[in-house]
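Okay, so here's the structure we're looking at.
The values are calculated or read from the model by the stated rules, or taken from the named source; none is laboratory data. The structure displayed is predicted, hence computed values, not measured ones. Cβ coordinates were reconstructed from backbone atoms using ideal geometry, including for glycine residues, and neighbour counts include every protein chain displayed.
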Amino acid sequence: MTLAGIDHGLHRERHSALQLKARTGLAVVQNLGILVIHAADAVAAVFAHNRIIAFFHERLNRVSDIAQPRARLYGFEIAYQQHLSFLPGAMRGLGLSANYSYTNSDAGHIPFRTDVPTLQRQAPNTWNISPTYDRGRLSMRLGISHNDANLWQYAYSDLTLDSAGNIVPNPQDLGKKGPHGDIYLYAHTQVDAQGSFRLHRGLELIVSGLNLTNEVFGCYEGSSQFPIQREYYKPTYSFGLRFNLSNEGK
């Protein structure tokens, strides 16, 4: 069993709030998943394509992906979804969907370091909450998603080679939480919203807002007191009309 994919927030898309037609079901849906993976030959992580890389690419040039000889990942996910049709009157359109995931991991032995770091891009805690409303011509979604800070790229080492080719200690200032530590993405909690209203037959008005709380995007080295990049893009709003030919005769 695998964990459901949780978007890290950097792409500013694929949030639950944006799926207007993914209406909540009439019945309660509850799910618990448990995941344990032992990877004998884990593949080195590949950078995702997003705008942040362009800003701190030079900072990451000194870091290379490392094939991990052994890795372990375990965790669980809980999901809940319900359309609150038992409520009276107009409140019958209310619904709620939510999920929470916990993961823990270790990357095994990484050359030139004595500790055991986590796998890349594995946030320990991720969750999504989406209140919904679907009644008559109106459909609305509010999406709140969160990812903990997580390791983006390995950069720390506390061992090195001496002139004779022997591995010797090479302590870093403040250890792996210092300015020579691994590179982490900031924790991110984002709020998005979208709504639609059917004006006439297949014609709908659609309104959406992304990143309503203007959350930070970026990364730091070792700990948050050593930032590499902090970016704010402000909220994004959009308005539009959609026409569905399949509803033309209704």
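Can you find even one residue in region 165-188 that is assigned to a strand (DSSP E or B) and more than 30 Å from Phe112 (Cα to Cα)?
Within region 165-188, one or more residues are assigned to a strand (DSSP E or B) and more than 30 Å from Phe112 (Cα to Cα).
Residues being among the polar types (S, T, N, Q), more than 20 Å from Val207 (Cβ to Cβ) and either in contact (Cβ under 8 Å) with a residue 24 or more places away in the chain or touching a helix residue (DSSP H, G or I) at 6+ places or on another chain (Cβ under 7 Å) (or both): count how many of those fall in region 127-169.
So the answer is 6.
Among the residues of region 102-125, is any closer than 30 Å to Val168 by Cα, surrounded by fewer than 17 Cβ atoms within 10 Å (Cβ to Cβ) and touching a helix residue (DSSP H, G or I) at 6+ places or on another chain (Cβ under 7 Å)?
Yes, region 102-125 has at least one match.
Inspect region 155-163 for any residue being modelled with pLDDT under 90 and not acidic (Asp, Glu) and give the result as yes or no.
No - not one qualifying residue is present in region 155-163.
Take region 211-250 and flag every residue that is within 18 Å of the chain's Cα centre (by Cα), closer than 22 Å to Gly178 by Cβ and assigned to a loop (DSSP other than H, G, I, E, B).
Listed by number, the list holds a single entry, Val216.
Return a yes/no flag: does region 203-211 have any residue that is within 28 Å of Asn128 (Cβ to Cβ), in contact with a Phe, Trp or Tyr (Cβ under 9 Å, 6 or more places away or on another chain), touching a residue at least 40 places away in the same chain (Cβ under 8 Å) and among the hydrophobic types (A, V, I, L, M, F, W, C).
yes
Suppose the filter is among the β-branched types (Val, Ile, Thr), closer than 29 Å to Glu221 by Cα, in a strand (DSSP E or B) and at pLDDT 95 or above; does Thr126 pass it?
Against the criterion (among the β-branched types (Val, Ile, Thr), closer than 29 Å to Glu221 by Cα, in a strand (DSSP E or B) and at pLDDT 95 or above), Thr126 qualifies.
When you scan region 150-158, do you find a residue that is among the aromatic types (Phe, Trp, Tyr), assigned to a strand (DSSP E or B) and either out of contact with any Cys (no Cβ under 8 Å at 6 or more places or on another chain) or surrounded by 18 or more Cβ atoms within 10 Å (Cβ to Cβ) (or both), even just one?
Yes, because at least one residue in region 150-158 is among the aromatic types (Phe, Trp, Tyr), assigned to a strand (DSSP E or B) and either out of contact with any Cys (no Cβ under 8 Å at 6 or more places or on another chain) or surrounded by 18 or more Cβ atoms within 10 Å (Cβ to Cβ) (or both).
Looking only at region 111-164, which residues are within 30 Å of Met91 (Cβ to Cβ), within 13 Å of the chain's Cα centre (by Cα) and of a type in the set (Phe, Trp, Tyr)?
Trp127
Does region 176-203 hold any residues that are farther than 20 Å from Asn150 by Cα, surrounded by 18 or more Cβ atoms within 10 Å (Cβ to Cβ) and in contact with a Gly (Cβ under 9 Å, 6 or more places away or on another chain), and which are they?
Scanning region 176-203 gives Asp192, Ala193, Gln194.
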